[in-house]
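Written below as structure tokens is the structure these notes are about.
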Amino acid sequence: MKSKSKLSDPGIILLGVFLFFAGIVLIWWPTDVYLMGISLAGWLMFFSYVVWFALAVVYVYWIEKLEKKES
């Protein structure tokens, strides 16, 4: 049986995307840039819900594709 690399696991890859996006928001947090009276970091956090949903959808389809391929 061939051993699969842990780095090619969809969960690990999507976790890297999650950490990258969270890092951008946290690095941006101390800056005082405002758009319509709300901090830009706040806007990033608000729009990140779309990113989290997209990551969840991608993960589900990716795992289903891998499971079909294995069976």
Rounded to whole Å², per residue accessible area for the chain with a 1.4 Å probe reads 86
Tilt, helix 10-28 to longest principal axis of the chain (alpha-carbon atoms), in degrees rounded to tens, equals 10
Loop-resident trypsin sites (Lys or Arg not before Pro) in segment 4-71 with no more than 13 other Cβ atoms inside 10 Å, DSSP not H/G/I/E/B, are 4
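Largest first, how would 44, 35 line up by accessible area (1.4 Å probe)?
Ranked from most to least accessible, the order is 35, 44.
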A chain fully extended from residue 38 to residue 19 at 0.36 nm per residue, minus the present Cα-Cα distance, gains in nm 4.5 nm
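Is the chain rounded, prolate or oblate when judged by the Cα gyration tensor, a ≥ b ≥ c being the square roots of its eigenvalues, rounded requiring a/c under 1.5 and prolate requiring a/b larger than b/c?
Judged from the Cα gyration tensor, the chain comes out oblate (a/c at least 1.5, b/c at or above a/b).
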Dividing the helical contributions, -39500 (n - 2.57) per DSSP H run of n ≥ 4, by the residues of the chain yields a 222 nm value, nearest 500 deg cm²/dmol, of -25000 deg cm²/dmol
Between residue 26 and residue 58, Cβ-based FRET efficiency (R0 22 Å, step 0.05) works out to 0.45
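The values are calculated or read from the model by the stated rules, or taken from the named source; none is laboratory data. Every value quoted in this text rests on a predicted model; they were computed, and no experiment measured them. Methodologically, a virtual Cβ is constructed for each residue, glycine included, from the backbone with ideal geometry; neighbour enumeration extends over all protein chains shown. For the accessible areas, the whole protein counts, side chains as well, though only heavy atoms, and no ligand, DNA or RNA atoms are used. Shrake-Rupley method; radii C 1.70, N 1.55, O 1.52, S 1.80 Å.
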